[in-house]
Amino acid sequence: MSTEREHFSSRIGFILAAAGSAVGIGNLVGFPVNAAKNGGGAFLVMYAVFVFLICLPVMIAEMAAGRKAAKDPVGSYSLLSGGSKGWNIAGLLSVITPFMIAVFYTVLTVWIFGYIVLTLMGQLDYLATPEAFGEFLTSPYLFVYMILVGLIINVILVAGVKDGIERAAKVLMPSLFLLLVALVIFVLTLDNAFAGVEFYLVPDFDKLTPTVVNGALSQAFFSLSLGMGILITYGSYINNKTNIPNSAKLVAITDTSVAFVAGLMILPAVFSFNPNVNTSELSDSSVSMIFVFLPKIFLALQTSIGYFGASLIAAAFFLLVLVAALTSLISIIEVPICAVIDSKKVTRAKALTYVGVAIILVA
């Protein structure tokens, strides 16, 4: 079954969707901690240099390749390389990679959804206990949360590019920005918050080892969804009137800005909770930070804003992370869906069923 290829209806829709694919859990938690532990402002400078001198040209190339071929990564590499076997393998890897990441992201998204439910049920004090996360992972309710998350993703993706992905991006991305700004404003009013800002922003060039520099480059590539087939896929949905270089710049600026501003939320909150915090206590793992460390910080807020207020702030944070996870998960899953549609000539609903069942089984 062959159908006319869908397109984003507006440039802003494409930019928000592409930015949504780039803005993920790592931006909100992993990046600020990684920057703070590896030179602060010095790491931020290296990250920005890599984004605009190396990553931006790659973004432009991937978007242009997708638009030129108007196909999924496998079809794009095959068409543009003249059927070269080596490039066909590269295209296949660009579909397998997001599929495997989608499995991991699905699990994380389900956990975050569950934490929102438990926080709203007044169990923030329980989530802050050492044994909570381990017990949470064995809860049978995880399967209920997975069904609900799956329904949300299904509703968005089955609606298509314009009515699903683009419409969702126009709602989710502004919501994410508003939530992030609101939380940053609140956190900066806490005692000792600006000690965290100083720790985050003051450059320490002595920490810029080759390993740290390589980490900054890796963070930039992963953060902007490069090499995963996402931008090729989204590029195949844009028309010839779209200015790709300018759109890519806006996506890069949006992603970098969110990561930077997130640092103004995470680090001040940590230093307000514990003014004498040891940086070695800050885990580079987003999973550890979100589900183990941060609930303790939010619970500590009850001394100043009460238990209800602390629970409300915690729920807002988990909602922020959920929105970021959903925007990324939508783009990641769209890659194998697009590949199935293009290769098997099936409807979007059937392609989503095949891919969704496979992800859920592995997850």
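The values are calculated or read from the model by the stated rules, or taken from the named source; none is laboratory data. Quick caveat, the model's predicted, so the values are computed rather than measured. In this analysis, Cβ positions are derived from the backbone assuming ideal geometry, glycine residues included, and neighbour counts consider all displayed protein chains. Side chains are part of the model used for accessible areas, which takes the heavy atoms of the whole protein and leaves out ligands, DNA and RNA. Shrake-Rupley method; radii C 1.70, N 1.55, O 1.52, S 1.80 Å.
Structure notes:
- Scoring ASN214 on the criteria (1) closer than 24 Å to MET100 by Cα; (2) touching a residue at least 24 places away in the same chain (Cβ under 8 Å) leaves a single failure, condition (2).
- Residues that are surrounded by fewer than 17 Cβ atoms within 10 Å (Cβ to Cβ) and in contact (Cβ under 8 Å) with a residue 12 or more places away in the chain, drawn from the range 228-247: ASN239, ASN240, ASN243, PRO245
- Residues in the range 64-89 that are open to solvent by less than 30 Å² (accessible area, probe 1.4 Å) and either closer than 30 Å to TYR145 by Cβ or not polar (S, T, N, Q) (or both): ALA65, GLY66, ALA69, ASP72, PRO73, GLY75.
- Given (1) hydrophobic (A, V, I, L, M, F, W, C); (2) surrounded by 24 or more Cβ atoms within 10 Å (Cβ to Cβ); (3) closer than 15 Å to ALA248 by Cβ, number of the condition LEU53 does not satisfy: (2)
- Some residue of the range 119-134 being within 16 Å of the chain's Cα centre (by Cα) and among the β-branched types (Val, Ile, Thr): no
- So ALA324, is it within 21 Å of GLY26 (Cβ to Cβ), modelled with pLDDT of 90 or more, touching a helix residue (DSSP H, G or I) at 6+ places or on another chain (Cβ under 9 Å) and open to solvent by 10 Å² or more (accessible area, probe 1.4 Å): no
- In the range 112-151, of all residues being among the β-branched types (Val, Ile, Thr) and part of a helix (DSSP H, G or I), the one that is most open to solvent (accessible area, probe 1.4 Å) corresponds to ILE147.
- Residues of the range 169-218 classified as surrounded by 13 or more Cβ atoms within 10 Å (Cβ to Cβ), in a loop (DSSP other than H, G, I, E, B) and modelled with pLDDT under 90, total: 5
- Any chance VAL161 is open to solvent by less than 30 Å² (accessible area, probe 1.4 Å), farther than 29 Å from PHE298 by Cα and modelled with pLDDT under 90: no
- Looking only at the range 9-38, residues that are within 14 Å of ILE232 (Cα to Cα) and assigned to a loop (DSSP other than H, G, I, E, B) come to 0 in all.
- Of the residues making up the range 337-357, those that are of a type outside the set (A, V, I, L, M), open to solvent by 10 Å² or more (accessible area, probe 1.4 Å) and on the phi < 0 side of the Ramachandran plot are ASP342, SER343, LYS344, THR347, ARG348, LYS350, THR353, TYR354, GLY356.
- Selected residue [open to solvent by less than 10 Å² (accessible area, probe 1.4 Å), out of contact with any strand residue (DSSP E or B) (no Cβ under 9 Å at 6 or more places or on another chain), of a type in the set (A, V, I, L, M) and more than 14 Å from GLY26 (Cα to Cα)] from LEU294, LEU264: LEU294
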